[in-house]
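Step one of this worksheet: look at the structure below.
The values are calculated or read from the model by the stated rules, or taken from the named source; none is laboratory data. Note that this is a predicted model, so its numbers are computed, not measured. Ideal geometry is used to build each Cβ from the backbone, glycine not excepted, and the neighbour counts take in all protein chains shown. Surface accessibility is based on the protein's heavy atoms, side chains included, excluding ligands, DNA and RNA. Shrake-Rupley method; radii C 1.70, N 1.55, O 1.52, S 1.80 Å.
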Amino acid sequence: MKRKWKLFAVVLAIIMAFSLAGCAPNESTPTSPGGEQTTTPSDTLTIALNGDIDEFNPFTNQTLYFINTMGYNMYESLLHLDENLKPVGDLATSWEQPDPQTYIFHLREGVKFHNGETMTAEDVKFSFEYTQDETVASWLATYFADISSIEIVDESTIKISLSKVNNAFLDSCAMLKIVKKGTEADLKQKPIGTGAFKFVSWTPNDRIVLEKFDDYWDADKVKLEKIELRVLPDKSIQIANLQSNTIQFMDQVPVVNVDTIKSNSALQLIQTEGSTSTSLFEVGRHNCEPFSDPTVMAAMGYALDKETINEVVYNNYGTVGWSPYPTSTKYYKEEEGNPYNIEKAKELLATTKWADGFEFDLCIDSAYPDWEKIAVIYQADLEKIGIKMNIKKAEFSEWLETYLNRTYDMILNQYPMVGSDPATYNGIILAQLVDYQTKDLPELNELITQGASETDEAKRAEIYGKIQDIVVEYKPVINIIEDPRLYAAAANLKGVEINPAGHIFLKNATLG
């Protein structure tokens, strides 16, 4: 199990790197939009892509700008998570859970793939099994490792049995795209899904074209005839294209551009109600002796000015909190934590054997200037209480090696948590620390295991409340900010649905 999650940690870091690519310097020459206002057909939506997409296999392509834009519109899952992260049926009309380890899905009838073939229960079964094929090396493999059997009950019913309770299973099902058995070899360049829009063409480093799928099962709701995704890695160029109406939608809007968007009556800023993405410090309590003292960590908490970080780095669009879980997560608990108070920080540190201060290193990925801003703000306040934090900037490969080997004193990370259940966060972040910074916190590790298998909602709420309390007290990880999900669009674009996990649904979108 530990090896499985460590593998996923590599995937997570890669996803994070690609998802933040728009924030980093880009050496490519972006397309200039020109200065004139352009006219776009009302049935064509043009979207900015943060980078080129050269393969379209949803089992292996793990870049967020593919998953979130194309993945949820060209392909479909059995269900999706709505704006409240509640499961809603897509290719499954309903489902039931006769016992904690069994799920029965009732499939929508008459669904067509883009090649004209009808979706069957065999295709659904194949799609789940394909993720577990080691030769595929699917980034989804971890999510479905607990499947023990898949049974086709009849042509419209499929039964999935798990080897153990997995409370995040439906969250995982929302990510698994259903493909036609027999087309898997061509998915990389000739994607075939069941979504509202079908793949038409890809021009490298330029654009990808999708068209409305006329045989889509819910085609009457689809108003757009075409979606064009233009490769524009530079955010300033994306903004200029948006202003000239060359594009009508962009994601991951830098906070420095928010005022530009809001001041233009032809544009709109879109922000999801919540966000499953958090920026956090992971603390090497096993490597830096002072960090094993809860009083030292409390002092360091009081020296962490999250409000200033939110203002300077996130333009106050982030959400300040102390729980390790995002606010949209099940069982989220409001934690008092250690609100910024330098005098309190000094008083607490003075009661420890580290009253004269100490020195440690913080590792950050050098590609992301926002991370450095966070680090500099914290560094200045720690200096006020006598603690010296050295900011060590590393290339991504070095950052990743430091992260996976747990050789850091402290490291800055971003986790775009998928779904609503904290078992996912625990499995990817906290469970990896058992042999490292949480080794001396056996209760925490036991609670993580209990929470993953408990089925009683009240007991789960109690378990996850305790986990949040322990994390806030001992700080093996320190939540900094719940990152905002910000999008910009033409003012006349309506019907775009985006959930707190960043999944973008365009089937109901209109321009007019």
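In whole percent, and with a 1.4 Å probe on the protein chains, what portion of the accessible area of segment 235-285 is carbon and sulfur?
46
Under 15 Å Cα to Cα from LYS459, which aspartates and glutamates show up? Leave out anything in the same chain fewer than 8 places away.
Here the aspartates and glutamates satisfying the reach criterion relative to LYS459 are ASP421, GLU446.
Work out how much length ASP206 to GLU273 would gain on full extension: take 0.36 nm times their residue separation and subtract the Cα-Cα distance, in nm to one decimal.
Roughly 20.9 nm would be gained on extension.
Given R₀ = 25 Å, FRET efficiency for VAL376-SER236 by Cβ-Cβ distance, to 0.05?
Calculated transfer efficiency: 0.60.
On average, how much accessible surface per residue is there in the chain, in Å², for a 1.4 Å probe, leaving out ligands, DNA and RNA?
40
Pull out the extension gain between ASP43 and LYS388, defined as 0.36 nm times the separation in residues minus the alpha carbon to alpha carbon distance; nm, one decimal.
Net length gain for the segment: 118.5 nm.
Name the aspartates and glutamates eligible as straight-distance cross-link partners of LYS393: C-alpha to C-alpha under 15 Å, and not fewer than 8 places from it in the same chain.
ASP361, ASP365, ASP370, GLU372, GLU401, ASP409
Taking a cut-off of 14 Å between Cα atoms, list the aspartates and glutamates near LYS346, but don't count ones fewer than 8 places away on the same chain.
Here the aspartates and glutamates satisfying the reach criterion relative to LYS346 are ASP356, ASP381, GLU383.
Counting only other residues whose beta carbon sits under 11 Å from that of PRO191, what net charge do I get with K and R as +1, D and E as -1?
Counting the neighbours of PRO191, the net charge comes to +2.
So for the chain: antiparallel DSSP bridges make up what percent, rounded to the nearest 5?
80
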